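Remarks on the structure that follows.
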There are 2 protein chains.
Amino acid sequence: MANVSKFDRADVLEKATQLFWERGYIGTSTRELQSALDMRPGSIYAAFGSKADLFATVLNHYAQALTEQLNTQVMNNANALQAFQQLLHDLVLCPNNTRPSEMCMLAKTLAELDESHSEILSLVRTLLNQVEARFADVFTKAKEQGNLPAGTDVVAAAKTLQISIIGWRSYLKATRDTQVVEQQIEQLFQQLTHPIH
Amino acid sequence: MANVSKFDRADVLEKATQLFWERGYIGTSTRELQSALDMRPGSIYAAFGSKADLFATVLNHYAQALTEQLNTQVMNNANALQAFQQLLHDLVLCPNNTRPSEMCMLAKTLAELDESHSEILSLVRTLLNQVEARFADVFTKAKEQGNLPAGTDVVAAAKTLQISIIGWRSYLKATRDTQVVEQQIEQLFQQLTHPIH
DNA sequence: GATTTTTTTGAACGAATGTTCAAGTAGCGT
DNA sequence: ACGCTACTTGAACATTCGTTCAAAAAAATC
């Protein structure tokens with residue numbers, strides 16, 4: 001089986017995402033990748049370049065999947081804010097324990113690496129920024145739909161949410177206390193819809 | 001120079017903390033440790049056991065230093081809440097960029113490692129829990145001093161703060177936007193002292 | 001069906017990993 | 001002064017690391 005047919009790129013990327021997400025960039029060896037992807041080193045290097053390149057591809061894949069979920073499940077919804085809260089609830093609390101890590105993969109990578117991996121780090125920064133911008137989009141839509149006060153600073157709200165999500169998911173990994181996080185999500189949306197004056 | 005005299009344990013631990021904090025547990029090699037500590041492998045292993053043992057010692061050292069700072073600078077203060085806010089401000093924003101990482105070392109380790117390093121992970125969980133308990137102590141003191149409403153749930157407040165700090169410091173590493181974090185600290189203490197009813 | 005083109009294979013590379021240990025060395029008690 | 005003890009040293013160990021590449025294999029082209 002060679003030439004053209006080869007492997008299913010989407011499937012392979014998904015498997016690589018799972019492994020990197022669980023083990024981290026440094027913590028994942030290329031041999032573990034080889035067995036997880038069921039590919040030999042030559043093929044992996046021909047297809048993706050290096051370990052760092054594959055990881056970058058995986059990060060893009062991860063962020064794009066998140067963005068698509070936001071578009072299909074939230075932006076195309078008559079009540080974007082409610083759909084957003086629901087999605088966040090599911091994404092953060094993750095009823096089925098099917099995820100490789102409680103942490104957001106971007107936040108996990110941000111925490112793991114120092115400036116000696118500046119290329120990956122700046123990609124993570126870019127992607128986190130992109131996600132934050134989509135959060136702002138959602139809030140803008142919610143404002144248009146009349147579910148957020150007209151005076152809401154959507155950019156500030158997006159920043160706050162980004163900070164909160166990273167905190168929630170870290171706290172979840174630390175304590176596994178879903179109740180606290182559930183309350184915090186509700187509280188944040190409460191404050192957004194009914195701010196202090 | 002042998003027998004008894006040996007090395008300065010506090011100094012060596014501090015240097016190990018710096019390196020581990022910057023590079024992470026997996027990302028720090030024992031050779032890097034050897035040159036950072038100016039010790040040969042045999043000495044390190046005789047003094048601390050293994051890389052994992054040294055890292056555990058470092059984590060305890062880190063958490064204890066934090067607790068001591070909390071005791072001396074906050075608990076022994078006539079206005080514990082104000083001193084606490086000041087300490088948090090300095091600790092999170094870190095005017096001199098002298099720290100190995102913007103992240104909290106406990107949060108960084110929590111993010112880095114998966115369950116295959118269960119011993120270290122459970123130590124991190126314990127230490128985060130201890131720190132959170134000290135936060136609650138501070139809030140209790142602030143309540144006694146009349147700087148927090150009598151009805152304040154100090155445990156819940158400590159959890160919220162723990163979540164926030166992790167979020168803030170991660171966000172700081174991602175964006176370097178000190179302004180946003182400064183505002184968020186102020187806002188959180190605002191909400192603590194003047195909650196909604 | 002022979003040739004070309006592209007991919008896969010898996011052994012192999014040098015470097016780096018965490019760790020060990022025999023040998024060396026310096027301060028202690030006597 | 002001299003062994004005794006305790007610590008340090010640095011070479012060496014067996015693995016594992018990320019990566020390469022010649023050879024094999026399989027589709028595509030003619």
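What follows draws every value from the coordinates through simple rules; no lab data is involved. This is a predicted model, so every value here is computed, not measured. Note that each Cβ is placed from the backbone with ideal geometry, even for glycine, and that neighbours are counted across all protein chains shown.
Distances from A:GLU119 to the same residue in each other copy, label points 7 Å out along Cα→Cβ, in nm, shortest first?
In nanometres, ordered from closest: 3.6.
What's the angle, to the nearest 10 degrees (0 to 90), between helix A:154-175's Cα axis and the longest principal axis of chain A?
So the inclination is approximately 60 degrees.
What is the ratio of the Cα radius of gyration of the stretch A:68-162 to 2.2 N^0.38 Å, where N is its residue count, to two decimals? Can you show the working numbers first?
Working: Rg = 15.0 Å, N = 95, 2.2 N^0.38 = 12.4 Å.
Cα-based Rg divided by the globular estimate yields 1.21.
Assuming 0.36 nm per residue, please report the length gained on full extension of the stretch B:ARG99 to B:ARG40 beyond their Cα-Cα distance.
Values: separation 59, 0.36 × 59 = 21.24 nm, distance 2.58 nm.
Residue separation times 0.36 nm, minus the Cα-Cα distance, leaves 18.7 nm.
Go through B:LYS51/B:LYS173; A:LYS6/B:LYS173; A:LYS141/B:LYS108; A:LYS108/B:LYS51; B:LYS108/B:LYS141 and tell me which ones have a Cα-Cα distance over 32 Å in this structure. Provide the component values of the computation, followed by the final result.
Details: B:LYS51/B:LYS173 26 Å; A:LYS6/B:LYS173 40 Å; A:LYS141/B:LYS108 34 Å; A:LYS108/B:LYS51 22 Å; B:LYS108/B:LYS141 29 Å.
Those over the limit are A:LYS6/B:LYS173; A:LYS141/B:LYS108.
Could you compute the FRET efficiency for B:ASP90 and A:GLN18, with r as their C-beta to C-beta distance and R0 at 41 Å, rounded to 0.05? Walk me through the numbers before you get to the answer.
Numbers: r = 40 Å, r/R0 = 0.98.
It comes to 0.55.
Among A:SER116, B:SER101, which comes first, second and so on when ranked by fewest other beta-carbon atoms within 10 Å? Don't skip to the end; give the middle numbers.
Numbers: A:SER116 9, B:SER101 19.
Ordered by Cβ neighbours within 10 Å, fewest first: A:SER116, B:SER101.
Put a label point 7 Å from Cα along the Cβ direction on A:GLN190, then list its distances to the equivalent points in the other copies in nm, shortest first.
From this label point to the equivalent ones elsewhere in the assembly: 1.9 nm.
Roughly what angle does helix B:118-144 make with the longest principal axis of chain B, taking Cα atoms, 0 to 90 degrees, to the nearest 10?
30 degrees
Can you work out the FRET efficiency for the pair A:GLU32 and A:ALA10, with r the C-beta to C-beta distance and R0 = 22 Å, to the nearest 0.05? Kindly include the intermediate steps, with their values, before the conclusion.
On the way: r = 20 Å, r/R0 = 0.92.
It comes out at approximately 0.65.
If the cut-off is 25 Å between C-alpha atoms, which lysines fall inside it for B:LYS143, apart from same-chain ones fewer than 8 positions away?
B:LYS159
Can you list, shortest first and in nm, the gaps between the label point of B:GLY42 and those of its counterparts in the other copies, using a point 7 Å from Cα in the C-beta direction?
With the label placed 7 Å along Cα→Cβ, B:GLY42 yields 4.6 nm.
Can you tell me how the stretch B:18-58 classifies by the Cα gyration tensor, rounded, prolate or oblate, using a/c under 1.5 as the rounded cut?
On the way: a/c = 1.95, a/b = 1.28, b/c = 1.53.
Judged from the Cα gyration tensor, the stretch B:18-58 comes out oblate (a/c at least 1.5, b/c at or above a/b).
Tell me, what is the percent relative contact order of chain B, built from C-alpha pairs under 8 Å that lie six or more residues apart?
On the way: 146 pairs, mean separation 42.1, N = 197.
The value is 21 percent.
Return one number: the angle in degrees, 0 to 90 and rounded to the nearest 10, between the long axis of the Cα atoms of helix B:9-23 and the longest principal axis of the Cα atoms of chain B.
The angle comes out near 70 degrees.
Taking the Cα centre of chain B as the origin, how large is its charge dipole in debye, to the nearest 20, when only Lys and Arg (+1) and Asp and Glu (-1) carry charge on their Cβ atoms? Numbers along the way, then the final one.
Values: 17 positive and 21 negative charges, 45 e Å.
In debye, rounded to 20, chain B gives about 220.
If the viscosity is 0.692 mPa s and the temperature 37 °C, what Stokes-Einstein diffusion coefficient in µm²/s follows for chain A when Rh is the Kirkwood radius over Cα pairs? Mind showing how you got there, number by number?
Values: Rh = 18.3 Å.
Result for D is 179 µm²/s.
Pull out a ≥ b ≥ c, the square roots of the eigenvalues of the alpha-carbon gyration tensor of the protein assembly as shown, then state rounded if a/c is under 1.5, prolate if not and a/b is larger than b/c, and oblate in the remaining case. Present the calculation step by step, with values, prior to reporting the outcome.
Numbers: a/c = 2.17, a/b = 1.02, b/c = 2.13.
It is oblate, given that a/c is not under 1.5 and a/b is not larger than b/c.
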